[in-house]
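See below for the structure under consideration.
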Amino acid sequence: MTKNALITGITGQDGSYLADLLLEKGYKVYGLRRRTSVPILENIEHIQNEIEFIEGDLLDLSSLIRAVQVSNPDEVYNLGAQSFVATSWDQPILTGQATALSVTNMLEAVRIVKPEARFYQASSSEMFGKVVETPQKETTPFYPRSPYGVAKVYGHWMTVNYRESYDMFACSGILFNHESPRRGIEFVTRKITNAVARIKLGLQQELRLGNLDALRDWGYAKDYVECMWLMLQQDTADDYVIATGETHSVREFCEIAFGYVGLDYQDYVVTDPKFFRAAEVDLLLGDPSKSINKLGWNPQKTTFKELVQLMVDKDLERVARNTNSNQSNVLGK
Ligand code: GDP
């Protein structure tokens, strides 16, 4: 029988990869979509006709109740949020609403309309923040370092609480940084690969970055959404760390990305204090043992180097295509 899935955050990186995966598996996919003056379609353009969109907003409980009624979901994936750490200092209250309280709204909508639906919450390694142990695992205490991290801790504990209070099948996936060509351009990985493409094609001279020594456990988003699905296929609901078990610096990311197109990052990267954070997360390194053992997850499916290279390749392709079409427009072709 066809399963129904409801995805919040469907236009984002993870939502779009998850929609690809669920459509391949034969699911009927419903996506919650917030009204914007200009539609945000880039990541889901190729599947937009296969998705049933439901207008709604994570801050509006009645719209979520309606979304659950309309989609009658077997599985709910709550991926929507204000997801950029740096913005969370500029908009801490909105981040609290869109990243924290929204989780309760979604949990309530499911509890009221269809409590037997399985629920996935997108938790984050940013909850570990100023890490109290390394590597970080499911039992590591949280010490968030940004309004975003604090909001994610709230969402995580509400998910655990609804599991324990109402016996709902609610899982929290503590995902370490995960990147792809669909990553927002403001995140450091995409910012670098986009700049590498533009510099290589002669459209940009330098790249201004903040802290090059930050260490992150970076994986490939396309691999990570499989874990979200796997978590909801288990006999019991639980929480899992999803990570590669390797950590690399922003500097190393630059080295590989620039090196891949035959350039030396030191000739182009300029440090700009504007991109330093009010409080930094210096090191993240996840221990994926539980997801390896229980979900059968392979954290090394895509290596760090492959990830950087595939992102550079896509940005080279995209920047070249946009440049060509702009030139055609100028020439009136
Ligand atoms: P985050 O781990 O969710 O905050 O993901 P980001 O990709 O935004 O940032 C990863 C790390 O890169 C953080 O430690 C940032 O301080 C560091 N970083 C250094 N320069 C930059 C920059 O120019 N932009 C961003 N977004 N991050 C930067």
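Within segment 238-252, being of a type in the set (A, V, I, L, M) and under 16 Å from I292 (Cα atoms) holds for V241, I242, A243. Consider segment 180-205 and keep the residues that are more than 12 Å from the ligand (Cβ to nearest atom) and of a type in the set (D, E, K, R). The one that is nearest to the chain's Cα centre (by Cα) is R182.
Take the residues of segment 266-315 that are among the aliphatic types (A, V, I, L, M) and in contact with a helix residue (DSSP H, G or I) (Cβ under 7 Å, 6 or more places away or on another chain): which is surrounded by the fewest Cβ atoms within 10 Å (Cβ to Cβ)? Among those residues, the one meeting the criterion is A278.
Residues satisfying the criterion are present in segment 255-265 (criterion: exposed (fewer than 14 other Cβ atoms within 10 Å of the Cβ) and either modelled with pLDDT of 95 or more or within 16 Å of the ligand (Cβ to nearest atom) (or both)).
Here is the figure for segment 15-61: residues that are in contact with a Pro (Cβ under 8 Å, 6 or more places away or on another chain) and of a type in the set (D, E, K, R) total 0. Collect the residues in segment 266-305 that are within 16 Å of the ligand (Cβ to nearest atom), under 26 Å from W229 (Cβ atoms) and in contact with a Lys or Arg (Cβ under 7 Å, 6 or more places away or on another chain), keeping them in residue-number order. Answer for segment 266-305, where residues must be within 16 Å of the ligand (Cβ to nearest atom), under 26 Å from W229 (Cβ atoms) and in contact with a Lys or Arg (Cβ under 7 Å, 6 or more places away or on another chain): just L284.
Just checking, does segment 73-82 include any residue being within 20 Å of M231 (Cα to Cα), within 16 Å of the ligand (Cβ to nearest atom) and in a strand (DSSP E or B)? No, because not a single residue in segment 73-82 is within 20 Å of M231 (Cα to Cα), within 16 Å of the ligand (Cβ to nearest atom) and in a strand (DSSP E or B).
Number of residues in segment 197-228 that are in contact with a strand residue (DSSP E or B) (Cβ under 8 Å, 6 or more places away or on another chain), over 27 Å from P135 (Cα atoms) and not in a strand (DSSP E or B): the value is 2. Whenever a residue of segment 243-257 is of a type in the set (G, A, S), its partners that are outside any loop (DSSP other than H, G, I, E, B) and at pLDDT 95 or above, lying with C-beta atoms within less than 6 angstrom and at least six residues away or across chains, give the pairs A243/G286; S249/L215; A257/I192; A257/T193; A257/V196; A257/V308; A257/V312.
The values are calculated or read from the model by the stated rules, or taken from the named source; none is laboratory data. In this text, all values refer to a predicted model and were calculated from it rather than measured experimentally. When we count neighbours, we look across all protein chains shown, and the Cβ atoms used for this are built from the backbone with ideal geometry, even at glycine.
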